[in-house]
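The values are calculated or read from the model by the stated rules, or taken from the named source; none is laboratory data. Note that the structure is a prediction, hence the values are computed from the model and not measured. Cβ atoms come from the backbone with ideal geometry, glycine included; neighbour counts cover every protein chain shown. SASA here: full protein model, heavy atoms, side chains in, ligands and nucleic acids out. Shrake-Rupley method; radii C 1.70, N 1.55, O 1.52, S 1.80 Å.
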Amino acid sequence: MSGIGDDARSAVAPAAADRELAPRLGLFQGIRQTMTLAWRTVVQVRHNPAELTDFSIQPIMFVLLFTYVFGGAIAGSVKEYLTFMLPGMIVMNMLFVTLYVGQGLNTDVNKGVFDRLRSLPIARWAPLAGRIAADQVKQAWSIVLVLAVGVILGFRLGDPGVPGLLGAVLLLLAFALAFSWVAVLVGLLAKDAERVQIFGFTALFPLTFVSNVFVPADTMPGWLQAFVDVNPVSVLAEACRGLMLGGEVAAPAAKSLAWAAAIAAVFAPLSVWVFKRKV
Amino acid sequence: MSHAILAEGLSKRFGATTALAGVDLEVPPGTVLGLLGPNGAGKTTVVRVLATLLRPDAGRATVGGHDVRRDAHRVRQLIGLTGQYASVDEQLTGTENLLLIGRLLGMSRRDARHRARELLERFGLAAAGGRAVGTFSGGMRRRLDLAASLVGRPPVLFLDEPTTGLDPRARTELWDLIRRLVADGATVLLTTQYLDEADELADRLVVIDRGEVIASGAPEELKARMGARTLAVRPMEADRVPLVRTVVTELTGSEATEKSGLVTARVADPAVLPAVVRRLDDAGVLVTELALRGSSLNEVFLTLTGRPADAGTSGDPADQEAAPA
């Protein structure tokens, strides 16, 4: 019942200026603040469910288009193509969903939400970490979505079964976490949220199309094949195929993790440096 | 603690632009300092440095006795920031925004909820608490901004142009809220480009222009120090305006201006008044209005910087209200 009978003044009355002040923050408090800020992003989605359809329609459309328009021509049968393509489609969609980190960050910086957060006694890294943590929820949703559409169209898991699928999801989330740093950098450098989207289309489309996601690389010119082979998208798609359908897993999975580590090692410090300079 | 806010020689450059060139400020606890200046004068940079958002290149600043650079975390526990650049989340509701801050400040879920409700009621937003902030009017939005900076009951408040862009009624409402905060014991640093706002709220004024303090003192003191008074004469017949202008210009020694039949000129020596009366009487000019009044801060600003306070900005809030939303 505290507060009900309070004098109206107490609503604004400042605390004594000489109250005990904490000299610094603990790690646990920082993690708690990160979770609170992640909650905020999830609430945003709840208020604006249209955002969910925004990043759901494109993958559904792609799965349908590629399966029915190109499927027969590329693989001889629609179902066979769906089986080949779906793990790669999940990879591609995962890359696009990381852009939401960049867009959200860009909006926060431009609208002044970041300044408000930074004037609070919270961990310096919490706003960034909160964004990235919340993004993992969107990632999980988009993976389930593409997979569900695939299953409806006739996609079936291979021998590795559910444990393999879980492995693939973990690998995808690990890669997404690393790739989020690229999105953070783009979000910080872009003038507005729309430009983050434009980056997505101009950089991520070529990256995913020049890979083995949609077609085997055999018919491409040699120099392009060389790129396809090292492209992290190909490597990750191959690992996911192995984990979901059966086939080689160890080598592509290890390469995927190495790529994730390399991307994080370059882009995390770079983003943090830009972040500190800019906001 | 003799100063709630103290700044000495703050300097900051952005590339080739000098934003601050050695700004000194002191704000005793429980008082309001008005930081006044045109757009681009450096007001926001001062606030950002004091609120630990920006590191100064040189100089020193303390809030509540704690250094803003070395002891930023302690400073952040003492301050609330509201302004053009520190904002709430438009996609969340009013309640959720306040909850978010309460939780970030370490309150329990229950306490944060209680505090949010208390503030929304106090700021006349109780009915709108469940709506997304994106649907709020400008005045509601600013009240929520202010409420958001008060969640942790900070004893020191930075209000960066709190009423810019608001219509006159919303401005007055916000002024009342700020006055009550001060009555409750808060120390406030307020930036504004509206001279009437500074005059209404501030105990002391610091005028800055191009990153430098060009004047400071109590509003009255500042007006008196400029020695500036304005003589205003309105002839009964409009065709006598040119003659009145000539006489006033000659006797006051400063160029008289005329606006809708009222001739005004700046006066240094009040003794000029009887002379003006005599000369106009001799010339047979009938006068319906004759006054010698203290300068408005606007005129003070004009004297200090050589240009009006709102030059190059979108003007006073009344104009913005008339503009389509």
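Figures for the structure shown
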{"quantity": "From the options A:Leu172, A:Leu185, residue that is crowded, with 19+ Cβ neighbours inside 10 Å and either over 20 Å from A:Pro59 (Cα atoms) or in contact with a Ser or Thr (Cβ under 8 Å, 6 or more places away or on another chain) (or both)", "calculated": "A:Leu185"}
{"quantity": "One residue from A:Ala260, A:Ala254 being touching a Phe, Trp or Tyr at 6+ places or on another chain (Cβ under 9 Å), open to solvent by less than 70 Å² (accessible area, probe 1.4 Å) and assigned to a helix (DSSP H, G or I)", "calculated": "A:Ala260"}
{"quantity": "Considering residues of region B:108-125 that are touching a residue at least 12 places away in the same chain (Cβ under 8 Å) and more than 9 Å from chain A (Cβ to nearest Cβ) only, the residue surrounded by the most Cβ atoms within 10 Å (Cβ to Cβ)", "calculated": "B:Ala116"}
{"quantity": "Selected residue [out of contact with any strand residue (DSSP E or B) (no Cβ under 7 Å at 6 or more places or on another chain), more than 10 Å from chain A (Cβ to nearest Cβ) and at pLDDT below 95] from B:Ala128, B:Ala147", "calculated": "B:Ala128"}
{"quantity": "In region B:126-136, residue surrounded by the most Cβ atoms within 10 Å (Cβ to Cβ) [restricted to those that are in a loop (DSSP other than H, G, I, E, B) and free of Cβ contacts under 8 Å to residues at least 40 places away in the same chain]", "calculated": "B:Gly129"}
{"quantity": "Whichever residue in region B:60-69 is over 20 Å from A:Arg277 (Cβ atoms) and open to solvent by 10 Å² or more (accessible area, probe 1.4 Å) and, among such residues, is farthest from the other protein chains (Cβ to nearest Cβ)", "calculated": "B:Arg60"}
{"quantity": "Extreme residue, least open to solvent (accessible area, probe 1.4 Å), among residues of region B:175-211 that are within 18 Å of B:Thr303 (Cβ to Cβ) and not in a strand (DSSP E or B)", "calculated": "B:Ala198"}
{"quantity": "Looking only at region B:20-50, and only at residues there that are part of a helix (DSSP H, G or I) and within 11 Å of chain A (Cβ to nearest Cβ), the one that is most open to solvent (accessible area, probe 1.4 Å)", "calculated": "B:Arg48"}
{"quantity": "Pair list, Cβ under 7 Å, 6 or more apart: region B:1-19 residue open to solvent by 50 Å² or more (accessible area, probe 1.4 Å), other residue at pLDDT below 90 and charged (D, E, K, R)", "calculated": "none"}
{"quantity": "Checklist (1) buried (at least 24 other Cβ atoms within 10 Å of the Cβ); (2) part of a loop (DSSP other than H, G, I, E, B); (3) within 10 Å of chain A (Cβ to nearest Cβ); (4) not hydroxyl-bearing (Ser, Thr, Tyr) applied to B:Leu53, failing item", "calculated": "(1)"}
{"quantity": "Test result for A:Arg195, open to solvent by 20 Å² or more (accessible area, probe 1.4 Å), of a type outside the set (Asp, Glu) and more than 21 Å from A:Asn48 (Cβ to Cβ)", "calculated": "no"}
{"quantity": "When residues of region B:70-86 are limited to those that are surrounded by fewer than 24 Cβ atoms within 10 Å (Cβ to Cβ) and under 15 Å from B:Glu161 (Cβ atoms), the one nearest to the other protein chains (Cβ to nearest Cβ)", "calculated": "B:Tyr85"}
{"quantity": "A:Phe55 being more than 11 Å from chain B (Cβ to nearest Cβ) and either modelled with pLDDT of 80 or more or more than 28 Å from the chain's Cα centre (by Cα) (or both)", "calculated": "no"}
{"quantity": "Strands (runs of 3 or more DSSP E) contained entirely in region B:237-325, each with at least 3 residues that are at pLDDT 85 or above", "calculated": "B:262-267, B:287-294"}
{"quantity": "Residue among B:Gly152, B:Gly139 that alone is touching a residue at least 24 places away in the same chain (Cβ under 8 Å) and buried (at least 20 other Cβ atoms within 10 Å of the Cβ)", "calculated": "B:Gly152"}
{"quantity": "Residue match in region B:150-169 (condition: outside any loop (DSSP other than H, G, I, E, B), of a type in the set (Gly, Ala, Ser) and farther than 22 Å from A:Arg46 by Cα)", "calculated": "no"}
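Yes/no per residue for (1) touching a Lys or Arg at 6+ places or on another chain (Cβ under 8 Å); (2) free of Cβ contacts under 8 Å to residues at least 60 places away in the same chain; (3) within 18 Å of A:Val272 (Cα to Cα):
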site	(1), (2), (3)
A:Ala140	no, yes, no
A:Gly164	no, no, no
A:Phe179	no, no, yes
A:Ile198	no, yes, no
A:Phe209	no, yes, no
A:Ala217	no, yes, no
A:Gln225	no, yes, no
A:Val235	yes, yes, no
